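To start, the structure under review is shown below, and the notes come after it.
The values are calculated or read from the model by the stated rules, or taken from the named source; none is laboratory data. Since we're looking at a predicted model, the values are computed, not measured. Glycine gets a Cβ as well: all are built from the backbone with ideal geometry, and neighbour counts include every protein chain shown.
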Amino acid sequence: MKLRGLYAITDSQLLAGKFLAYVEAALDGGVTLLQYRDKSSDEARRLREAEKLHELCSRYKTQLIINDDAELAARLGVGVHLGQTDGPLTPARALLGSRAIIGSTCHSQIELAEQAAKEGASYVAFGRFFNSNTKPGAPAADVELLTQARARLHLPICVIGGITLENAEPLIAHGADLLAVVHGLFGADSTAEVTRRARAFNELLKTQ
Ligand SMILES: Cc1ncc(COP(=O)(O)OP(=O)(O)O)c(N)n1
Ligand SMILES: Cc1nc(C(=O)O)sc1CCOP(=O)(O)O
Ligand SMILES: [Mg+2]
């Protein structure tokens, strides 16, 4: 299956008090991948929340990805997203098996993406493309990078960082397959608005 669509990423602060309601609203609007991203060290809460998301994702036939933590991903039998300092891809692939979705952060460097491809990544992520409230310090990337990445890589390309309904179009036009979004999806006043945004992201992806 070709990975293409909206990639929703949770944020524990932004979603405090409305975590499952907002995630379900996004799933209702259509989500290809859902990433559980919690940077705390509260392992019990992380396991509990990841289990709830797993159940919700199964109901909506959405694939769950765990950020940073291949062990937790293995425990649930789901995918993982690893950054450059989150451990190597090869052992993660061995742990999770050949069918698991494994993503790799490549910032703005195609060489990192080529290496990730060799080590068994399922998709590569470039960013940040715009200012991000969620991760303001992430290194910047330019949209032109996507043209080169498209020509040199044979993996789905994920884009991240400050993506909204207003600025996503050029990223798709330059070859992005997966739009990874936190605030532009979940920074909404109601569940209905989250669902509307998810649908609208999917429409953008369909028309290109
Ligand atoms: C889809 C996607 N792309 C990039 C990242 C960033 O990963 P990383 O650089 O490891 O930073 P943290 O998210 O762990 O702070 C991501 N999580 N997801
Ligand atoms: C988790 C993360 N990683 C990034 C990178 O560039 O690697 S940007 C980012 C935050 C994405 O959140 P938002 O959609 O709210 O900007
Ligand atoms: Mg990480």
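Got a sec? Which of Ala74, Ala100, Ala70, Ala94 is crowded, with 20+ Cβ neighbours inside 10 Å and either among the acidic types (Asp, Glu) or more than 13 Å from ligand 1 (Cβ to nearest atom) (or both)?
On the way: Ala74 fails: crowded, with 20+ Cβ neighbours inside 10 Å; Ala70 fails: either among the acidic types (Asp, Glu) or more than 13 Å from ligand 1 (Cβ to nearest atom) (or both); Ala94 fails: crowded, with 20+ Cβ neighbours inside 10 Å.
Of Ala74, Ala100, Ala70, Ala94, the one residue that is crowded, with 20+ Cβ neighbours inside 10 Å and either among the acidic types (Asp, Glu) or more than 13 Å from ligand 1 (Cβ to nearest atom) (or both) is Ala100.
Can you find, within region 39-62, the residue that is nearest to Ala200 (Cα to Cα) among those that are out of contact with any Phe, Trp or Tyr (no Cβ under 9 Å at 6 or more places or on another chain) and surrounded by 20 or more Cβ atoms within 10 Å (Cβ to Cβ)?
So, considering only residues that are out of contact with any Phe, Trp or Tyr (no Cβ under 9 Å at 6 or more places or on another chain) and surrounded by 20 or more Cβ atoms within 10 Å (Cβ to Cβ), the one nearest to Ala200 (Cα to Cα) is Thr62.
If you go through region 144-161 one residue at a time, how many are of a type outside the set (Val, Ile, Thr) and within 16 Å of ligand 3 (Cβ to nearest atom)?
From region 144-161, those of a type outside the set (Val, Ile, Thr) are 144-146, 148-156, 158, 161; that's our starting set.
Going one step further and asking which of them are within 16 Å of ligand 3 (Cβ to nearest atom), we end up with 158, 161.
Total satisfying the criteria: 2.
Mind telling me which of the residues Val159, Val143 ends up being touching a His at 6+ places or on another chain (Cβ under 6 Å), of a type outside the set (S, T, N, Q) and at pLDDT 95 or above?
Working: Val159 fails: touching a His at 6+ places or on another chain (Cβ under 6 Å).
When all the criteria are applied, what remains is Val143.
What are the pairs, 6+ residues apart or on separate chains, where a residue within region 60-80 that is among the basic types (Lys, Arg) has its Cβ under 8 Å from a residue that is assigned to a helix (DSSP H, G or I)?
Pairs that qualify, where the first residue is among the basic types (Lys, Arg) and the partner is assigned to a helix (DSSP H, G or I), are Arg75/Leu47.
Please go through (1) within 8 Å of ligand 2 (Cβ to nearest atom); (2) among the basic types (Lys, Arg); (3) farther than 19 Å from Cys106 by Cβ for Lys135 and return the number of the only condition it doesn't satisfy.
Checking Lys135 against (1) within 8 Å of ligand 2 (Cβ to nearest atom); (2) among the basic types (Lys, Arg); (3) farther than 19 Å from Cys106 by Cβ, the one that fails is (3).
When residues of region 163-187 are filtered for being touching a residue at least 60 places away in the same chain (Cβ under 8 Å) and acidic (Asp, Glu), how many remain?
So in region 163-187, the residues touching a residue at least 60 places away in the same chain (Cβ under 8 Å) come out as 177-183, 185-187.
Okay, now just the ones that are also acidic (Asp, Glu), so 177.
Final tally of qualifying residues: 1.
Each row is one residue, and each column tells you yes or no for (1) more than 17 Å from the chain's Cα centre (by Cα); (2) surrounded by 15 or more Cβ atoms within 10 Å (Cβ to Cβ); (3) part of a loop (DSSP other than H, G, I, E, B).
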position	(1), (2), (3)
Val124	no, yes, no
Thr134	no, yes, yes
Ala151	yes, no, no
His154	yes, no, yes
Cys158	no, yes, no
Pro170	yes, no, no
Gly175	no, yes, yes
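Can you pull out the residues in region 81-119 that are within 16 Å of ligand 2 (Cβ to nearest atom), among the hydroxyl-bearing types (Ser, Thr, Tyr) and farther than 18 Å from Leu33 by Cα?
Result: Thr85, Ser108.
Using the structure shown, decide if Gly120 is part of a loop (DSSP other than H, G, I, E, B), touching a strand residue (DSSP E or B) at 6+ places or on another chain (Cβ under 9 Å), under 17 Å from Leu3 (Cα atoms) and among the small types (Gly, Ala, Ser).
Numbers: part of a loop (DSSP other than H, G, I, E, B): yes; touching a strand residue (DSSP E or B) at 6+ places or on another chain (Cβ under 9 Å): yes; under 17 Å from Leu3 (Cα atoms): yes; among the small types (Gly, Ala, Ser): yes.
Spelling it out, Gly120 is indeed part of a loop (DSSP other than H, G, I, E, B), touching a strand residue (DSSP E or B) at 6+ places or on another chain (Cβ under 9 Å), under 17 Å from Leu3 (Cα atoms) and among the small types (Gly, Ala, Ser).
Which of the residues spanning region 97-143 are within 14 Å of ligand 3 (Cβ to nearest atom), on the phi < 0 side of the Ramachandran plot, in contact (Cβ under 8 Å) with a residue 40 or more places away in the chain and not polar (S, T, N, Q)?
Once the filter is applied, which keeps residues that are within 14 Å of ligand 3 (Cβ to nearest atom), on the phi < 0 side of the Ramachandran plot, in contact (Cβ under 8 Å) with a residue 40 or more places away in the chain and not polar (S, T, N, Q), region 97-143 yields Gly103, Ala125.
Looking at region 77-89, which of its residues are closer than 19 Å to Glu51 by Cα and more than 7 Å from ligand 1 (Cβ to nearest atom)?
Of everything in region 77-89, those that are closer than 19 Å to Glu51 by Cα and more than 7 Å from ligand 1 (Cβ to nearest atom) turn out to be Gly77, Val78, Gly79, Val80.
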